[in-house]
Structures are given as structure tokens and as C-alpha cells.
1. Suppose every K and R has +1 on its Cβ and every D and E has -1 on its Cβ; what is the size of the dipole of the chain about the Cα centre, in Debye to the nearest 20?
2. So what's the angle, to the nearest 10 degrees on a 0 to 90 scale, between helix 58-71 and the longest Cα principal axis of the chain?
3. Enter the angle in degrees (range 0 to 90, nearest 10) between the Cα long axis of helix 132-141 and the first principal axis of the Cα atoms of the chain, meaning the one along which they spread out most.
4. Tell me, what HN-Hα J-couplings in whole Hz come from the Karplus equation 6.51 cos²θ - 1.76 cosθ + 1.60 at θ = phi - 60° for each residue of the range 16-23, using x for Gly and Pro?
5. Applying a 10 Å radius around every beta-carbon, put 179-188, 240-249, 271-280 in order of their mean neighbour count, most first.
6. Taking every pair of alpha-carbon atoms in the chain, what share in percent sits in each 20 Å bin, from 0 to the bin with the longest distance?
7. Of all beta bridges DSSP finds with both residues in the range 48-297, what is the antiparallel percent, to the nearest 5?
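Laboratory data are not the source of any read-out in this text; all were calculated from the coordinates shown. Here the structure is a predicted model, which is why all the values come from computation and not from measurement. In this analysis, Cβ positions are derived from the backbone assuming ideal geometry, glycine residues included, and neighbour counts consider all displayed protein chains.
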Amino acid sequence: MSFPSDPKREIEGLEDVRVRIDAVDTQLHDLLLERAALVEKLHILEGVAVQGKPLHHPAREAEVLRARVEAHSGKLSLLTIEHLWREIIAGSAAALGGYTLHMDNTSPAAALMESVRFYFGFDVPLKEAIDPSAVLSAVHDNAGDLGIVGLEERAEQPWWRGLGLREDGSSGPLIVARLPFLVLEERAADLPALVIAGGYDAEFVSDVKVFDARWTGTPPPSLMSQGIEVLSFYRTYDGVDALLAVSGDLSSGELQEAFVASGAVPDTLRLVGGYAAPIDIHGEFDADPEADGQSVRVSEED
């Protein structure tokens with residue numbers, strides 16, 4: 001025998017859940033305000049509120065996101081979690097005065113804008129630059145600003161020559177982050193890109209180091225077998241310029257040995273930045289981001 005359900009009891013159950021959701025929303029808001037106040041205090045204590053000091057801390061941001069990934073469970077998408085935290089981080093920076101983001105106008109406009117808004121939020125002022133070199137110039141000339149350059153396998157110009165310690169003795173900005181940070185198929189904001197910033201020392205600690213390398217002639221295709229990733233390259237009239245990514249664990253001597261083993265010792269090799277190893281949302285999580293040199297892995301629960 002079946003009994004009719006009690007409509008009043010069901011309504012009370014719904015109301016209980018709604019009351020709990022409202023209470024959680026209030027707690028979340030209060031915690032966000034507390035977090036923003038703590039971030040402001042942290043910046044004052046660190047002395048980074050001084051004009052020209054970067055408000056963007058990619059290594060710390062990566063650390064925060066890795067912790068969120070490790071703690072994640074349930075059906076809520078990891079991309080939702082990533083986006084929420086990036087909005088929180090971007091909002092905190094905006095509250096502290098913010099920065100302008102200079103965009104590479106040669107990248108696909110819609111894909112670049114999607115990435116910009118996903119990673120940097122809607123509060124950041126945007127300025128378009130005609131090409132990657134113009135992005136570097138804008139970041140160099142405007143202390144505290146950031147740049148974003150779309151990453152193409154074959155570049156139209158060796159724009160990375162303007163990074164780091166240049167041949168004329170001047171110093172340019174550096175690569176400080178690689179996007180996307182969470183790597184998975186068919187994700188939103190999936191345009192490969194690099195974040196450019198000034199105010200960092202070229203030797204800042206990172207999971208992955210990035211180098212400007214130049215060869216006369218054509219380097220052999222065996223660099224990857226030595227753990228050297230070619231992020232982008234440009235063919236000159238007598239050789240190749242390349243932007244290379246290698247494990248941050250490698251010493252200069254070990255890197256030189258890797259080039260020798262590949263049969264491709266570059267004529268020029270300059271450190272031009274680094275970035276936190278992206279997280280690959282496939283396989284098992286590797287708690288040591290330096291174990292791979294390129295990415296860490298994690299399983300996303302259903």
C-alpha cells in the first residue's frame with residue numbers, strides 16, 4: 001500500500017535547504033571580505049604596495065590553485081573552482097589599485113578575450129598592442145602592468161629577444177606564467193599563452209625555466225628527447241630562433257649536457273623567465289611539480 005506524501009513536510013524540507021544555502025552564501029561573502037582584508041594587509045607587510053611593484057604573484061597563485069585541485073571532490077567542475085579563485089585573486093588586485101593588461105593583437109581576438117576574462121577577471125583594464133614586441137614595450141614602460149601573448153608554434157617574429165637581459169645591456173620584462181594552467185581537453189579559455197611582467201629577477205624560482213636560444217642552421221628534432229620543449233620558433237635567414245622550456249631543476253651544466261646529447265648546442269642562450277608547471281587533469285596527481293618539469297597530473301572526480 002502506498003501513502004500520499006505530506007506536501008507540507010516536502011515544502012519544509014525545501015525551505016530548510018534554501019535557508020542553508022542562504023547561510024552558506026552569507027558565510028562565503030563574509031569570508032571573501034576577510035580574505036580581501038588579509039591580502040591588503042599582506043601586501044602592506046611585504047611592501048609591494050609601492051608604486052611599480054607587481055601585484056601579480058604567479059608562483060603563489062599556482063600554489064593556491066594546486067591546493068584547491070588537491071582538495072577538490074564531487075561533481076562541481078574543477079574549471080568552475082579555478083575560475084572562482086582567479087576572480088577572487090583578480091578582484092583583490094583590483095582593490096589594491098590593479099594593473100593594466102596589454103594584449104597581443106595578433107592572437108585570435110575571441111579566444112584571447114575569453115582567456116583574458118577567465119584568468120584576469122572583468123575588472124582589469126585592457127589595452128591592445130599591435131604585436132608581441134609592442135606588448136613587451138608597453139609592460140616595460142608601465143611598471144606593474146602585465147602582458148599576454150598568444151603562443152604560436154611558428155612565430156611571425158622572434159619577439160622573445162626583447163625579454164630579460166638584452167644584448168645591448170638593457171633589461172626587458174620576463175615570462176612569468178603559462179596558460180592554460182589546468183590542462184584538459186575541450187576546456188574553456190584554452191588558448192596557449194604566456195604572461196609577461198616586469199619587476200622580477202630573471203633568476204626567480206620556477207618549476208620551468210624559459211630560454212631564448214639561437215642556432216645557425218637548423219637544430220635537430222631531438223630536443224624533446226632531452227626534456228627540452230620548443231614553445232615557439234622563428235626561422236631567420238641563416239638559422240633558427242627558439243623559445244625553449246626546460247625543467248627548473250636542471251643546472252646550467254646539466255642543460256648544456258642536454259644540448260650536447262641532442263647535437264644542438266645553441267650559439268646564444270639567454271634566460272628569459274619561467275612559470276609554474278601546468279596541472280594536467282588526467283592520470284594521478286603528482287604532488288611534486290618539479291618531478292616532470294612540464295606539468296603535474298591530477299584526476300578529476302565525477
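1. Around 560 debye, computed over the chain.
2. 40 degrees
3. The angle comes out near 80 degrees.
4. 4, 5, 5, 5, 5, 4, 4, 5
5. Ranked by mean Cβ neighbours within 10 Å, highest first: 271-280, 240-249, 179-188.
6. With 20 Å bins starting at 0, P(r) equals 30, 53, 13, 4, 0.
7. On the way: 33 of 46 bridges.
Here the share of antiparallel DSSP bridges comes out near 70 percent.
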